[in-house]
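K.L.:
Can you read through this structure? Questions will come right after.
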Amino acid sequence: MDVNWMDFIKLLISTGVCWTNFVLVDTYFGLPRRPGVSGAEVIGKTLERMGGDINGGYFMGNIVCSPDASAGTLMASIFYYLLGFKGGLIATLLIFIGNRLCNDPGYAGTLGTFSATVLIHLLSSFIEPKYFIGGMVMAIFTIQGLYHVGASKVLGYIGRKLGMI
Amino acid sequence: MKVEVDGGTVEILPLVSIFCIVMGCIGVILNTDYLDKIIMLEFLTGGLIGLIVSFYYLDVAILTSIMEPVSTVILLLGSLKYLYLKRSKKRYSSKLPILVK
Amino acid sequence: MDTLVLLIGVISFVVGLRVFLTRNRVQRLLYLCCLNFAIAALIALYIKSPMGGVAAAVYFIGSTLSSNAIAHTIGKVQRLEGRG
Amino acid sequence: MDIVVSTLYLGYFLLIFGTLGVILGPETRDPLVRFLNVEIPTIGVMLIFLAYNHTLALMTYIAINSLIVLVFIRAIIRKEELEA
């Protein structure tokens, strides 16, 4: 079996783009500052008791409990892969409906999906859209699946650095 | 999409779904707390939806995805009320010998 | 062979094993969220038509709703056990 | 192995293992634990329907199964209230 090294470079670039997009959009709309739904508060308190940062815990709880910009980035890459540019606009509508179902205002998810669509459309000349799906799964694995305490410290540091807490 | 493993073709989505179903089955039976059992049931249902999708039955998969949160919410509300009821009954029955004395 | 699908498959195997093995209830919920992302991506990569995208979106929104309900109930049970 | 044959054997495994778990699993004195174990043979029957391509039977079975939960939960809570 032959491994093409160009695939790994494209995957790493798309992972970086997706990570930066959803972390920046979610931090700008104030996810680490306060828990939006009551399930996020439980997750933040538990991660603080385990030795992490409480603002990063609120961020991770908000990702679990309502479809925010992370789900928006995944949906935008899926619908761009299947339908082209107008698929991203359909994904924006779906994320808005899902946000209203979870009792959330829904600005972060809608704007995150739209910005992800624009970024994929700008980069689509040399990275195919299917690499962004794998990149988004890699990005969510580094936050939710690898080491929770360290991830919450990193997210709290980024939020404090941007002055949004 | 297809991975060549010494001659035969194995696809990834049915493998992941079968793994989720077997692990969830063992986990539901071996855990004894209500919330752990419901989380493991969620894990099992994810595997079931993946296996239905890999047979190309998309309408059944969409129906399952809509009906599954209804069932989970009913189970959670019932288990919460059952826990509250059992706790209040235990407190009442522990207070009962004091009343008898 | 397709490297991308194989990578997502390896990630979902690792996360599924960690859901089964960990003891803390909140960490188990976080790993389950990562598994939902991986399965939605696999569904969209398996069926290359717009209906597959709709199925993945409906699955993702439904699983997020039930995760929200489970986290809310964990909070209520913790408050009930801490008080009584 | 073919996916249809492996789905059929997985359904049989779930049916047998789930029934054993309902009868002699840990802490089945509690009725809610026993009812949560009953969900496993249900999913085994769903997998057998899926392997024989019975689409309409599968659809009605899934829809009825999420509604029958309401009746069973109501019955268990009413029994616990009456025994108090």
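K.L.:
Looking at A:G150, is it closer than 27 Å to C:V26 by Cβ, assigned to a helix (DSSP H, G or I) and over 17 Å from the mean Cα position of the chain (by Cα)?
P.N.:
Judged against the criteria, A:G150 is a match.
K.L.:
Name every residue in region D:58-84 that is modelled with pLDDT under 90, at the interface with another protein chain (Cβ under 8 Å from one of its Cβ atoms), farther than 16 Å from B:M67 by Cβ and part of a helix (DSSP H, G or I), in order of residue number.
P.N.:
Within region D:58-84, D:E80, D:E81 meet the criteria.
K.L.:
Can you tell me how many residues in region C:14-68 are within 10 Å of the chain's Cα centre (by Cα) and within 7 Å of chain A (Cβ to nearest Cβ)?
P.N.:
Of the residues in region C:14-68, 12 are within 10 Å of the chain's Cα centre (by Cα) and within 7 Å of chain A (Cβ to nearest Cβ).
K.L.:
Consider C:R23 against the criteria (1) closer than 18 Å to A:I43 by Cα; (2) part of a helix (DSSP H, G or I): it satisfies all of them except one. Which criterion is unmet?
P.N.:
If we test C:R23 against (1) closer than 18 Å to A:I43 by Cα; (2) part of a helix (DSSP H, G or I), just (2) comes out false.
K.L.:
Can you name every residue in region C:41-69 that is over 18 Å from B:T64 (Cβ atoms) and not small (G, A, S)?
P.N.:
C:L45, C:K48, C:P50, C:N68
Results for (1) farther than 19 Å from A:G44 by Cβ; (2) aliphatic (A, V, I, L, M), shown as yes or no for each residue.
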| position | (1), (2) |
| --- | --- |
| A:F132 | yes, no |
| A:M136 | yes, yes |
| A:G150 | no, no |
| A:I158 | no, yes |
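K.L.:
Separate question: Tell me yes or no: at least one residue of region A:78-98 is touching a helix residue (DSSP H, G or I) at 6+ places or on another chain (Cβ under 7 Å), away from every other protein chain (no Cβ under 12 Å) and surrounded by fewer than 24 Cβ atoms within 10 Å (Cβ to Cβ).
P.N.:
Yes, because at least one residue in region A:78-98 is touching a helix residue (DSSP H, G or I) at 6+ places or on another chain (Cβ under 7 Å), away from every other protein chain (no Cβ under 12 Å) and surrounded by fewer than 24 Cβ atoms within 10 Å (Cβ to Cβ).
K.L.:
Hey, any hits in region A:107-114 for a residue that's surrounded by 21 or more Cβ atoms within 10 Å (Cβ to Cβ) and at pLDDT 85 or above?
P.N.:
So far as region A:107-114 goes, yes, one or more of its residues are surrounded by 21 or more Cβ atoms within 10 Å (Cβ to Cβ) and at pLDDT 85 or above.
K.L.:
Assess whether A:V64 counts as being assigned to a helix (DSSP H, G or I), facing another protein chain (nearest Cβ under 8 Å) and crowded, with 20+ Cβ neighbours inside 10 Å.
P.N.:
yes
K.L.:
Which one of these does A:K10 not meet: (1) in contact (Cβ under 8 Å) with a residue 40 or more places away in the chain; (2) more than 7 Å from chain C (Cβ to nearest Cβ); (3) assigned to a helix (DSSP H, G or I); (4) under 17 Å from the mean Cα position of the chain (by Cα)?
P.N.:
Of (1) in contact (Cβ under 8 Å) with a residue 40 or more places away in the chain; (2) more than 7 Å from chain C (Cβ to nearest Cβ); (3) assigned to a helix (DSSP H, G or I); (4) under 17 Å from the mean Cα position of the chain (by Cα), only one is false for A:K10: (4).
K.L.:
OK, next. Could you check region A:28-57 and list, in sequence order, the residues that are buried (at least 24 other Cβ atoms within 10 Å of the Cβ) and either within 14 Å of the chain's Cα centre (by Cα) or outside any helix (DSSP H, G or I) (or both)?
P.N.:
The answer is A:L31, A:P32, A:G56.
The values are calculated or read from the model by the stated rules, or taken from the named source; none is laboratory data. Computed from a predicted model, the values in this text were never measured in an experiment. Note that we place each Cβ from the backbone using ideal geometry, even for glycine, and neighbour counts take in every protein chain shown.
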